[in-house]
Amino acid sequence: MTKQFSHKLLLIALSISVSGCAVFQPKDKKASAQTAAKSESKDKNGIKPYDKVITKEAKSDKGLFTIHKVEDNYFYEIPDSLFNREMLMVTRIAQTAAGIGFGGGKQNEQVLRWEKKDKSVLLRVVSHDVYAADSLPIHEAVVNSNFEPILYSFEIEALHKDSLSNSTVIKVTDLFNKDVQALGFPERSRKNYKITRLDESRSYIDTIRSYPENIEVRHVKTYNSSEPPSNSSTASISVKMSNSMILLPKVPMERRYYDERVGWFTTGQVDYGLEAQKSETVRYLDRWRLEVKDEDLEKFKNGELVEPKKQIVYYIDRATPKQWIPFIKEGIEDWQVAFEAAGFKNAIIAKDPPTKEEDPDWSPEDARYSVVRYLASPIPNANGPHVSDPRSGEILESDINWYHNVMTLLRNWFFVQTAAINPEAQGVAFKDEVMGRLIRFVSSHEVGHTLGLPHNMGSSVAYSVEDLRDPEFTKKYGTAPSIMDYARFNYIAQPEDGDVALMPEVGPYDKYAIMWGYKPLLEKKGVEEKPILDQWILEKADDPIYRFGAQQRGVIDPTSQTEDLGDDAVLASQYGIKNLKRIIPNLIEWTAEDGKDYDDLETMYGQVLGQYNRYMGHVAANIGGVKKFTKTYDQDGAVYFHVTADKQKVAMKFLQDELFSTPEWLIDQDIFNKIEFDGNVERLRGTQERTLNNLLDFGRMARLIENSEINGREAYGLLDMMSELRNGVWSELRKGGEISTYRRNLQRAYINRMDYLMTQEQQNSRFSRGTSVDVAQSDIRPVVRGELVTLQRNIRNAVGRSNDQLTRYHLMDALERIDLILNPIAKG
């Protein structure tokens with residue numbers, strides 16, 4: 001190639017190159033800009049840059065996750081270190097309309113796990129219902145049968161990297177705006193109110209707040225409903241739901257295993273890894289993590305009281321009226337003496353929350369704080385729920401819900417149970433110090449629940465009835481060994497008894513139970529503790545003060561009832577009725593206030609009637625009753641005992657004398673003419689019918705039949721009860737006298753119930769636990785038929801002897817009713 005030719009080629013090449021720059025450069029710039037914009041909007045995985053998602057306008061809240069609000073959308077920024085950590089989600093009703101539960105009512109509880117997978121984040125539901133240690137071969141089978149369902153899936157919106165940590169951003173708006181049932185209204189409520197669907201146009205996120213250990217979400221849900229319990233014109237239900245998501249500890253607390261002989265709230269698992277030749281459910285205590293400080297180990301071993309590493313601290317809601325704060329605090333710290341039995345001092349304390357000036361970020365929703373929440377609600381109640389780690393039972397936090405109108409409940413109970421002997425209760429507006437003492441009592445009871453203790457309804461029978469009239473005894477021991485019983489106030493004490501104690505305190509059973517559940521066994525863990533725990537139980541096994549009696553839905557064990565006192569229901573109720581008879585003549589005076597109507601008089605008369613009904617129930621439970629004393633194989637004797645025949649006969653006589661023979665003392669026309677224009681006859685009929693139906697219960701009758709089969713002539717059997725009941729309810733047939741209105745009503749109620757027994761089957765539900773019986777295959781109907789035939793004969797003999805026309809009409813009607821029961825086909 002010549003030099004000249006080479007030069008020409010170079011010029012041509014340069015020309016082409018320059019031309020290329022001149023002609024194509026603008027187009028290349030545009031393409032480059034589009035490519036850059038595309039690259040800026042999403043990376044190769046389709047994920048946007050962080051600052052394009054979390055813009056400068058975002059409102060951010062740092063905590064467990066960082067919460068960002070951008071316009072109407074909410075984003076979670078999840079640290080990568082928290083993926084696959086287990087978190088507990090507790091769903092509650094925060095605010096509700098009338099008839100739909102109450103604020104604070106728990107609706108669901110589940111363990112969640114956030115998991116990053118490819119371009120998504122999955123929210124999985126974790127189950128701890130089944131278990132096997134990961135060191136065992138069967139662990140793999142347990143994992144395979146316990147697949148974690150996906151509650152929700154999120155696209156990854158952005159990734160964030162800084163010098164401290166990496167995090168992942170997802171949009172969670174739809175998680176709370178859509179109908180995710182696990183976070184909203186449960187299925188049972190949807191069925192009750194015939195809910196069809198969520199109305200998204202009337203549903204929204206209220207707040208999302210992040211704290212160091214939890215995230216709190218409040219969202220309003222509006223559901224279309226064909227049967228709303230209130231505001232029916234809207235054809236809908238609106239509720240504000242609360243979702244608390246709490247980070248569970250990395251290392252679960254050591255479990256302490258449950259024993260039925262000591263009452264405790266528990267968590268359970270089916271453990272496939274035990275040596276037993278079957279799967280077994282193991283239960284372990286719900287309790288706070290109380291541990292001895294390393295520097296105090298020797299002191300503790302030497303029997304000295306030590307402060308725990310971390311105290312149980314309760315804060316009092318800022319909304320609490322100032323005059324009640326000291327009493328609520330006292331109720332909390334009443335439990336210090338119980339923890340001393342477990343080796344700790346100052347284990348539980350009450351504090352005021354910091355003021356807004358001291359700590360503007362302090363919130364009762366922060367899971368680091370347990371709070372007595374004061375709620376402006378008409379509900380006359382208080383409750384003490386807690387949140388526990390399902391892996392270990394460790395209580396993580398607890399908020400006691402204190403409803404304003406609990407004071408009304410306390411006033412009513414204290415009035416009706418103590419006014420006969422207690423001048424401080426003889427009115428409807430108590431002094432602050434009196435109401436404060438009652439508030440302290442309730443505070444202490446509810447705190448007991450948050451410590452892990454359920455109701456111990458078997459406690460109150462440990463003391464004799466006569467001891468509860470003794471000032472020295474009651475001042476020393478209170479009115480029951482446990483404040484966790486429903487042994488409210490001392491209705492047994494009589495005016496002549498002097499200065500008796502009126503209510504229980506944290507008692508010997510409570511101290512024993514806290515010791516058993518919380519005292520550290522430093523050298524033992526888990527199942528290794530069992531021999532020592534068993535020994536503690538056996539040391540107290542023969543002392544009724546330390547017996548636990550579970551709360552019953554349907555009362556079978558008469559020694560484990562609510563609202564009772566003392567070891568003899570008949571004697572206790574007789575004393576109680578004497579006091580009610582003292583209250584009735586004073587009701588008008590004790591509820592009087594110039595310029596006020598008679599609403600309080602009506603309320604307090606209803607309270608008297610309600611208390612009287614409780615006495616009837618306490619006594620009736622002995623008939624066909626079976627007592628339970630929980631034991632293990634290393635203890636002698638039976639677990640179940642039928643109530644003795646003598647005690648059942650005394651109970652039946654009491655009911656005949658105090659209820660079925662018209663209680664004239666309850667019929668006070670001076671009261672009735674101030675509170676109603678009619679209804680007193682029907683009210684007493686309903687009172688008698690309630691106990692009559694309670695006696696003539698399928699389950700009770702079946703237990704009486706079985707008692708006769710087991711104990712023969714020594715038993716109080718079904719025939720005994722039925723004949724005594726008939727003779728008492730229809731006693732006028734022998735005398736031939738006039739039958740009053742009240743007695744005629746009672747006798748018709750008796751016939752109606754006999755009709756029910758002949759024609760209906762036993763109704764069982766998940767809310768009732770009692771004796772199951774196949775009525776058609778039992779002796780119940782033959783016995784009922786025999787009683788009706790006998791009654792029919794007795795009535796025929798009595799009709800002609802009566803001189804009272806209404807009585808004769810009543811008996812003739814009774815004959816016709818009985819004939820319809822005995823011969824339904826012929827009459828049909």
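The values are calculated or read from the model by the stated rules, or taken from the named source; none is laboratory data. Since we're looking at a predicted model, the values are computed, not measured. For neighbour counting, all protein chains shown are included, and Cβ atoms are generated from backbone atoms with ideal geometry for every residue, glycine included.
Couple of notes before you dig in:
- The set of residues in the range 323-371 being of a type in the set (A, V, I, L, M) and in contact with a helix residue (DSSP H, G or I) (Cβ under 8 Å, 6 or more places away or on another chain) consists of I328, I332, V337, A338, A341, A342, A347, I348, I349, A350.
- Restricting attention to the range 347-368 and to residues that are among the basic types (K, R) and assigned to a loop (DSSP other than H, G, I, E, B), the residue that is farthest from D399 (Cα to Cα) turns out to be K356.
- Residue count, the range 395-416 (criterion: in contact with a helix residue (DSSP H, G or I) (Cβ under 7 Å, 6 or more places away or on another chain) and either hydroxyl-bearing (S, T, Y) or crowded, with 21+ Cβ neighbours inside 10 Å (or both)): 7
- Condition met for S778 (surrounded by fewer than 18 Cβ atoms within 10 Å (Cβ to Cβ) and modelled with pLDDT under 90): no
- Within the span defined as the range 731-740, every residue fails to be β-branched (V, I, T) and either under 23 Å from Y615 (Cα atoms) or part of a helix (DSSP H, G or I) (or both).
- Qualifying residues in the range 424-461 (those that are among the charged types (D, E, K, R) and either touching a Phe, Trp or Tyr at 6+ places or on another chain (Cβ under 9 Å) or assigned to a helix (DSSP H, G or I) (or both)) - the one nearest to R289 (Cα to Cα): E446
- Given (1) in contact (Cβ under 8 Å) with a residue 24 or more places away in the chain; (2) within 34 Å of the chain's Cα centre (by Cα), index of the condition A638 fails: (1)
- With a requirement of 2 or more residues that are surrounded by fewer than 16 Cβ atoms within 10 Å (Cβ to Cβ), the helices (runs of 4 or more DSSP H) lying completely within the range 504-605 that satisfy it span 530-540, 569-583.
- All positions within the range 204-232 that are at pLDDT 90 or above, out of contact with any helix residue (DSSP H, G or I) (no Cβ under 9 Å at 6 or more places or on another chain) and farther than 26 Å from A367 by Cβ: N224
- Neighbours by Cβ (under 9 Å, 6+ apart or cross-chain): first from the range 789-801, under 24 Å from M758 (Cα atoms); second modelled with pLDDT of 95 or more and among the polar types (S, T, N, Q): T790/S723
- When the range 558-582 is filtered for residues that are touching a helix residue (DSSP H, G or I) at 6+ places or on another chain (Cβ under 6 Å) and more than 30 Å from D543 (Cβ to Cβ), the ones remaining, listed by number, are L580, K581.
- Applying the criterion of being of a type in the set (D, E, K, R) and under 15 Å from M503 (Cβ atoms) to the residues of the range 470-481, the residue that is surrounded by the most Cβ atoms within 10 Å (Cβ to Cβ) is K475.
This table checks each residue for (1) touching a Phe, Trp or Tyr at 6+ places or on another chain (Cβ under 8 Å); (2) modelled with pLDDT of 95 or more; (3) closer than 26 Å to T91 by Cβ.
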position	(1), (2), (3)
L285	yes, yes, yes
R289	no, yes, yes
W335	no, yes, no
A347	yes, yes, no
P364	yes, no, yes
I379	yes, no, yes
P385	no, no, yes
P390	no, no, yes
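- Apart from one condition, R318 fits all of (1) in contact with a Pro (Cβ under 7 Å, 6 or more places away or on another chain); (2) at pLDDT 95 or above; (3) surrounded by fewer than 17 Cβ atoms within 10 Å (Cβ to Cβ); the exception is (2).
- Those residues of the range 671-696 which are among the acidic types (D, E) and either at pLDDT below 95 or not assigned by TED's automatic domain parsing to the domain that holds M754 (or both), in sequence order: E676, D678, E682
This table checks each residue for (1) more than 21 Å from N73 (Cβ to Cβ); (2) assigned by TED's automatic domain parsing to the domain that holds P149; (3) touching a Gly at 6+ places or on another chain (Cβ under 8 Å).
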{"position": "N166", "(1), (2), (3)": "yes, yes, no"}
{"position": "V172", "(1), (2), (3)": "no, yes, no"}
{"position": "K178", "(1), (2), (3)": "no, yes, no"}
{"position": "R188", "(1), (2), (3)": "yes, yes, no"}
{"position": "K194", "(1), (2), (3)": "yes, yes, no"}
{"position": "D199", "(1), (2), (3)": "no, yes, no"}
{"position": "R209", "(1), (2), (3)": "no, yes, yes"}
{"position": "T222", "(1), (2), (3)": "no, yes, no"}
{"position": "S238", "(1), (2), (3)": "yes, yes, no"}
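- S802 fulfils the conditions (1) farther than 21 Å from M721 by Cα; (2) out of contact with any Ser or Thr (no Cβ under 7 Å at 6 or more places or on another chain); (3) part of a helix (DSSP H, G or I) except for a single criterion, (3).
- Failed condition for I205, given (1) surrounded by fewer than 21 Cβ atoms within 10 Å (Cβ to Cβ); (2) hydrophobic (A, V, I, L, M, F, W, C); (3) free of Cβ contacts under 8 Å to residues at least 60 places away in the same chain: (3)
- Any hit, the range 418-430, residues being within 15 Å of A382 (Cα to Cα) and surrounded by fewer than 18 Cβ atoms within 10 Å (Cβ to Cβ): no
- Elements of the type helices (runs of 4 or more DSSP H) sitting completely within the range 666-714 and holding at least 3 residues that are more than 22 Å from L655 (Cβ to Cβ) and touching a Lys or Arg at 6+ places or on another chain (Cβ under 6 Å): there are none.
- Of D568, D542, all but one fail to be acidic (D, E), out of contact with any Leu (no Cβ under 7 Å at 6 or more places or on another chain) and within 27 Å of E664 (Cα to Cα); the exception is D568.
- Only one of the listed residues (E563, E505) is closer than 19 Å to Q611 by Cβ, charged (D, E, K, R) and under 28 Å from the mean Cα position of the chain (by Cα). That residue is E563.
- Of all residues in the range 157-177, those satisfying the criterion of being surrounded by fewer than 20 Cβ atoms within 10 Å (Cβ to Cβ) and either within 17 Å of L82 (Cβ to Cβ) or touching a helix residue (DSSP H, G or I) at 6+ places or on another chain (Cβ under 6 Å) (or both) are L159, H160, K161, D162, L164, S165, N166.
- Hey, R817 in contact with a His (Cβ under 6 Å, 6 or more places away or on another chain), closer than 22 Å to Q688 by Cα and either assigned to a helix (DSSP H, G or I) or not assigned by TED's automatic domain parsing to the domain that holds R685 (or both) or not: no
- All helices (runs of 4 or more DSSP H) inside the range 107-203 with 1 or more residues being of a type in the set (D, E) and at pLDDT below 90: 138-144, 187-192
- Any hit, the range 301-308, residues being of a type in the set (D, E, K, R) and within 25 Å of V442 (Cβ to Cβ): no
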